[in-house]
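Colleague: Input: one structure, supplied below.
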Amino acid sequence: MENKTDFNYPHTFILLGASGDLARKKIYPTIWYLYRDNLLPEKTKFVGYARTKQTIEEVKEKCNKYIKVRPGDEEKYEKFWANNDYIAGSYDKRIDYELLNQSITKYEKGPVANRIFYLAVPPTVFEDVTVNIKNACISIKGFTRVIIEKPFGRDDESSNKLSNHLAGLFKEEQLYRIDHYLGKEMVQNLMTIRFANQIFNPSWNRENIASVLISFKEPFGTEGRGGYFDDFGIIRDVMQNHLLQILSLVAMEKPVSLNPNDIRDEKVKVLRHIRPIELDDILIGQYVGNPDGKGEETLGYLDDPTVPEGSVTPTYALAALHINNARWQGVPFVLRCGKALNERKAEVRVQFRDVPGDIFDGHAKRNELVIRVQPGEALYLKFMSKSPGMKFDLVETELDLTYSMRYSGADVPDAYERLILDVFTGTQMHFVRNDELKEAWRIFTPVLKKLEEQHIKPLPYVYGSRGPQEADERLSSYDFKYSGSYKWKKPATVEKS
């Protein structure tokens, strides 16, 4: 029984893995903000479940430093925690889930009651947890929805195994594979920018666009969590999911409607036009310590004691993807991501072709449309203008939509807030469908296997740099022109806390 819109019925949000980092740092803060802003059904109960034996007071204490409570919200905050429960139990014993089910049932008054399970658990227990939810905890009076965190496997084989396992337990419409990048403001804005503005439509093709660069940069290293990271590497951690999802939104054709499946159909179509990545299409790097740095900056990836000796896991990757269709053939879509770089940034940079018939002696630089995802959401179009004054010189400038300036009073929600609310309302637009996942692994699995089987050593780059020096040359070979003569500056403004 699916009930998508009526918030009058009881809802129970069950967080499995409630004692973990993700729960503490992200999920509990998120459900508090949704509760605080009255966005959830009034009759919503929150239940944490994990192996750790603890009380709800201890859970609250561990979450406090990650949760912001505005002045005046203190009473509501206490009410929120009074609406929380915590149950300790194993992940593999059905009897514990039957006890969990009994506990949930106590709160479910009335003819309809809905359940949402958030799986913030390690991949090693995933199959046990989902089987036990199916066997002991399915709602018999309403809908059951299951939120799944990445990793969705390590390659096409493990991902297919996981998908088949889930398909044997739940319907596709019950599954919400969460990629938090799909909840970010500017990623969600991509469809509006593309399909609600005629100015971009005629130029969004191979005749006008030279290349597209989608970047994700972090200014910190593994911070002692290298053992976990080493199992996956930057390609699986960021590129195969976050960046490929953004690519599909940039490159897809206009959907028939805003129906979630119409949108996801177009994303899958564009992914099907991408051939698997070859070794020649990718450059990988691994950071080394910066002798001039401070603290962690002096340590390289291999200096992390949790990283296996001699590991060749990349912490930086740059890959060119080619879309073999009428709109994009010949246009490189370059995905670039890395840790321990010079700044925190995620952005899409659409670089247009050089102006034909140059009359400015090569002084005109390329136009760029830049969609800045984080930090400081912004959309700006880089273009050439005459310099102010008597001289007839060209200067690079921008048409700028910086959210903190234009929408200074707006409250831009966190990605997790949007996505968890979408699960309550039954909106799957911003979640990864099974066939999307299959195509993503088809594109990346061959090159991941070659990198690992051939034990290809990543190029070194210094902690705090822009990445391996060879990356700039590679980027240039993909018809991306980086002049270094212009840098967008976020306008000075007082940001809300």
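The values are calculated or read from the model by the stated rules, or taken from the named source; none is laboratory data. Every value quoted in this text rests on a predicted model; they were computed, and no experiment measured them. Every residue, glycine among them, receives a Cβ derived from its backbone with ideal geometry; neighbour counts consider all protein chains shown. Calculation scope for accessible area: heavy atoms of the full protein, side chains included, ligands and nucleic acids excluded. Shrake-Rupley method; radii C 1.70, N 1.55, O 1.52, S 1.80 Å.
Colleague: Just how far, in whole angstrom, is region 444-463 from region 124-202 if you go by their alpha carbon centroids?
Modeller: Measuring centre to centre over Cα atoms gives 28 Å.
Colleague: At a Förster distance of 51 Å, what's the computed FRET efficiency of S385 paired with T425, Cβ-Cβ distance as r, to 0.05?
Modeller: My answer for the efficiency is 0.70.
Colleague: With +1 on each Lys and Arg Cβ and -1 on each Asp and Glu Cβ, how big is the dipole of region 260-315 about its Cα centre, in debye rounded to the nearest 20? List each step's numbers first, then the result.
Modeller: Values: 6 positive and 12 negative charges, 84 e Å.
With Lys and Arg at +1 and Asp and Glu at -1, about 400 debye.
Colleague: For the chain, with only Lys/Arg (+1) and Asp/Glu (-1) charged at the beta-carbon, what is the dipole magnitude about the Cα centre, in debye rounded to 20?
Modeller: Here the chain has a charge dipole of around 900 debye.
Colleague: At what distance in angstrom do the alpha carbon centres of region 1-61 and region 389-426 lie from each other?
Modeller: Rounded to whole Å, the Cα centres lie 29 Å apart.
Colleague: Kindly list the residues of region 29-56 that lie in the label zone of K93, defined by a backbone N under 18 Å from the point 7 Å along the Cα-to-C-beta vector.
Modeller: 49-55
Colleague: I would also like to ask the following. Can you figure out the FRET efficiency of I138 with R327, using R₀ = 30 Å and their beta-carbon distance, to the nearest 0.05?
Modeller: Using R0 = 30 Å, I get an efficiency of 0.10.
Colleague: Could you work out how far apart the two model spin labels at E173 and D292 are, taking each label as a point 7 Å from the Cα in the direction of the beta carbon, and quote it in nm?
Modeller: A separation of 6.0 nm, rounded to one decimal place.
Colleague: Please report, in debye to the nearest 20, how large the charge dipole of region 227-347 is about its Cα centre when each Lys and Arg carries +1 at its beta carbon and each Asp and Glu carries -1 there.
Modeller: For region 227-347, the charge dipole is close to 720 debye.
Colleague: Would you work out which of S248, F360, F13 lies farthest towards the positive end of the dipole of the chain? Charges go on Cβ: Lys and Arg +1, Asp and Glu -1.
Modeller: Checking the options against the dipole of the chain, the answer is F13.
Colleague: For region 64-184, restrict the atom set to alpha-carbon positions and state the Rg and Dmax in Å.
Modeller: Values for region 64-184 (Cα only, Rg and Dmax): 16.8, 52 Å.
Colleague: Now, a different point. Counting residues in region 361-454 as N, plug N into 2.2 N^0.38 Å and put the Cα Rg over that result.
Modeller: 1.75
Colleague: Any chance you could look up the accessible area of E453 with a 1.4 Å probe, heavy atoms only, rounded to 10 Å²?
Modeller: The accessible area comes out at roughly 140 Å².
Colleague: Same structure again: Per-residue HN-Hα couplings for region 200-211, Karplus 6.51 cos²θ - 1.76 cosθ + 1.60 at θ = phi - 60°, whole Hz, x for Gly and Pro?
Modeller: Karplus-based 3J(HN,Hα) across region 200-211 equals 8, 4, x, 9, 8, 6, 5, 6, 10, 9, 7, 6 Hz.
Colleague: In addition: Modelling each spin label as a point 7 Å along the Cα-to-Cβ direction, I'd like the K106/R275 distance in nm, to one decimal.
Modeller: Output for this residue pair reads 6.1 nm.
Colleague: Taking the convex hull of the alpha carbon atoms in region 334-491, what volume per residue do you get, in Å³?
Modeller: In region 334-491, the Cα hull volume divided by residue count equals 197 Å³.
Colleague: Another question about this same structure. What nm value, rounded to one decimal, do you get for the distance between E223 and Q54 when each label is placed 7 Å out toward the C-beta?
Modeller: 1.8 nm
Colleague: Return the Rg/Rh value of region 191-282, two decimal places, where both radii are evaluated on C-alpha atoms and Rh is the Kirkwood radius.
Modeller: 1.05
Colleague: In percent, what relative contact order does the chain have, based on Cα pairs under 8 Å that are 6 or more apart in sequence?
Modeller: 17 percent
Colleague: Name all residues of region 246-285 having a backbone nitrogen under 14 Å from the label point set 7 Å from the Cα of F200 along its Cα→Cβ direction, giving them as ranges.
Modeller: Under cut-off, by backbone N: 246-255.
Colleague: Counting only complete DSSP H runs, which helices of the chain cover 20 Å or more along their long axis at the Cα atoms and score a mean Kyte-Doolittle of 1.6 or above?
Modeller: Counting only whole DSSP H runs, no helix qualifies.
Colleague: Give me the extension gain from E253 to F7: residue separation times 0.36 nm, minus the current Cα-Cα distance, reported in nm with one decimal. Before the final figure, lay out the partial values.
Modeller: Working: separation 246, 0.36 × 246 = 88.56 nm, distance 3.44 nm.
85.1 nm is the gain from fully extending E253 to F7.
Colleague: Something else now. Please name whichever of G300, G168, F46 sits farthest to the positive end of the charge dipole of the chain, dipole taken about the Cα centre and charges placed at Cβ: Lys and Arg +1, Asp and Glu -1.
Modeller: F46
Colleague: In terms of the Cα gyration tensor, with a ≥ b ≥ c the square roots of its eigenvalues, is region 315-396 rounded because a/c is under 1.5, prolate because a/b exceeds b/c, or oblate? Present the calculation step by step, with values, prior to reporting the outcome.
Modeller: Details: a/c = 2.50, a/b = 1.42, b/c = 1.76.
The shape class here is oblate.
Colleague: How many Å² of accessible area per residue for the chain, probe 1.4 Å?
Modeller: Values: 23290 Å² over 497 residues.
In whole numbers, the chain has 47 Å² accessible per residue.
Colleague: When all protein chains stay in place, what accessible area (Å², nearest 10, 1.4 Å probe) is found for K217?
Modeller: For K217, the solvent-accessible surface is approximately 10 Å².
Colleague: Another question, if that's okay. Take every DSSP beta bridge with both residues inside the chain and express the antiparallel ones as a percent of the total, to the nearest 5.
Modeller: Percent antiparallel among DSSP bridges in the chain is about 55.
Colleague: Here's something else I'd like to know. If R₀ is 25 angstrom, what is the calculated FRET efficiency for the pair K25 and N160, using the beta carbon separation as r and rounding to 0.05?
Modeller: E(calc), rounded to 0.05, equals 0.20.
Colleague: May I pose another question? When the chain is fully extended, how far beyond the present Cα-Cα distance does H455 get from L399, taking 0.36 nm per residue of separation?
Modeller: Numbers: separation 56, 0.36 × 56 = 20.16 nm, distance 4.60 nm.
That pair, H455 and L399, stretches by 15.6 nm at full extension.
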